[in-house]
Amino acid sequence: MSRDDNAGLYVHVPFCRTKCLYCDFYSVTSPVLLRPWLQAVRKEALFYRDKWALFDSLYLGGGTPSLLDESALHHLMDHVLRVFRFSSDAEMTMEMNPDDVTPHRMQMLRDFGFNRISLGVQSLQDEELAWLGRRHTAEQAENAIRMIRCTGFKNLGVDLIYGLPGQDRATWLRTLQRILLHKPEHLSCYMLTLEDRTPLGRMRAEGKFIQVGESDQIRLFLLTSRFLEEHGYIHYEVSNFARDAVSASRHNQKYWNHTPYLGLGPAAHSFRDGVRWWNVSSVEDYCMRIIRGEKPVEGSEILNGEQLQLEAVYLGLRTKRGFNIALLEKNTQTGTALNRLIRSGYLEVRDNRVIPTRRGYLVADRLPMEILS
Ligand code: SF4
């Protein structure tokens, strides 16, 4: 059994008030199943009681966890904190939408021990927010940040989206400069990607707008990385920046370095001892399985030693930590590929670790194949 006194617990809240026009995550807008989901998640937690030693991170994600009202949150958190053990310094994150932030709610979160907020701001330009189908304005987002700070939260992560049609260097920089005034400890900057089945994906297919081309995407990515590093942030994962090493998301790093994590709720994933498993996505199926007394697991995979090593290479190339060079088979082809990528400025080797450069992050998905093929 792996050491799991630093495991992460994720709880998926699959409800949103409305659907953002770019969103491809599974979530439902009807609150009808909220109470059944809550009962089900509490029962699911019991399946794992006493099976996990200690968690040092909790992440309430979604969906929109911040739409849970006071009674639902009490119901959930009382149970989670009773069933599982957390270290005294556990990182406890709640994902929030700006329109849910109120002084009362923030105080309640602090009382439950939450010490980190991940806020979905996405943009500080009202026309961009409207285009994305967000429910809040830039002013509401900034007021939410002030409220979060006033309630004493010292660890704030902000999510932003860039690469919107019509967005140029100047408009994106305006959002970045504005957000930096609030000194967030963490920033996630995601390039807009649209699946065909989303409303914006359909509009693109109908020719209602043209998505930013690849060369502009590259320019915006490099600009973001340079700008934030110049302002003291560490670009520690392709889309993630931290003000210092301790501000990097403890929970999310577990997904990239094979630390065990347990996921509760529809579509949640878990990993431990080389086994990955995931729950059914549909809230109805999830609740029905639990009512029948079954675990809501839809599938699983067992990774052997070789597969784990491959994943360590693949995941490592998305982070500043990289991977241990000893994971590579010593043969001429691998050595040649590695040297070529180092000479081209995509990789560097430091302290026996292969680490992607800023340009390497740009092609992080392709690098493993180039090295290993
Ligand atoms: S709030 Fe988040 S999960 Fe919900 S629809 Fe918008 S982007 Fe998707």
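So which of PHE25, PHE47, PHE86 ends up being under 27 Å from TYR190 (Cβ atoms) and not polar (S, T, N, Q)?
Every option except PHE25 fails the conditions.
Sort out which residues of segment 29-46 are in a loop (DSSP other than H, G, I, E, B) and either away from the ligand (no atom under 16 Å from the Cβ) or β-branched (Val, Ile, Thr) (or both), and write them in order of number.
Selection gives THR29 alone.
Per-residue answers, yes or no, for (1) crowded, with 19+ Cβ neighbours inside 10 Å; (2) closer than 25 Å to PRO260 by Cα; (3) among the aromatic types (Phe, Trp, Tyr); (4) modelled with pLDDT of 95 or more:
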| site | (1), (2), (3), (4) |
| --- | --- |
| SER66 | yes, no, no, yes |
| VAL80 | yes, yes, no, yes |
| ARG85 | no, yes, no, yes |
| ASP89 | no, yes, no, yes |
| THR93 | yes, yes, no, yes |
| MET106 | yes, no, no, yes |
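Would you check which residues across segment 49-73 are among the hydroxyl-bearing types (Ser, Thr, Tyr), in contact with a helix residue (DSSP H, G or I) (Cβ under 8 Å, 6 or more places away or on another chain) and away from the ligand (no atom under 16 Å from the Cβ) and list them?
SER57
Working only within segment 126-185, note down all residues that are touching a Ser or Thr at 6+ places or on another chain (Cβ under 8 Å), away from the ligand (no atom under 16 Å from the Cβ), touching a residue at least 40 places away in the same chain (Cβ under 8 Å) and of a type in the set (D, E, K, R).
Scanning segment 126-185 gives a single hit, GLU185.
With the structure loaded, tell me whether ARG49 is crowded, with 17+ Cβ neighbours inside 10 Å, assigned to a loop (DSSP other than H, G, I, E, B) and in the same structural domain as LEU200 (by TED's automatic domain parsing) or whether it fails that test.
When the stated conditions are applied, ARG49 does not pass them.
Yes/no per residue for (1) touching a residue at least 12 places away in the same chain (Cβ under 8 Å); (2) small (Gly, Ala, Ser); (3) not assigned by TED's automatic domain parsing to the domain that holds MET94:
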| site | (1), (2), (3) |
| --- | --- |
| ARG250 | yes, no, no |
| ALA267 | yes, yes, yes |
| TRP277 | yes, no, yes |
| ARG292 | no, no, yes |
| VAL297 | yes, no, yes |
| LYS320 | yes, no, yes |
| LEU338 | yes, no, yes |
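Would you list the strands (runs of 3 or more DSSP E) that sit entirely within segment 247-305 and hold 1 or more residues that are more than 13 Å from LEU9 (Cα to Cα) and basic (Lys, Arg)?
Output list reads 275-279.
Would you mention how many residues in segment 311-336 are part of a loop (DSSP other than H, G, I, E, B), more than 26 Å from the chain's Cα centre (by Cα) and not aliphatic (A, V, I, L, M)?
Residues that pass the stated criteria total 3.
Check segment 20-28 and report whether any residue there is assigned to a loop (DSSP other than H, G, I, E, B) and in contact with a Cys (Cβ under 6 Å, 6 or more places away or on another chain).
yes
The values are calculated or read from the model by the stated rules, or taken from the named source; none is laboratory data. Remember, it's a predicted structure, so these values are computed and weren't measured experimentally. Glycine gets a Cβ as well: all are built from the backbone with ideal geometry, and neighbour counts include every protein chain shown.
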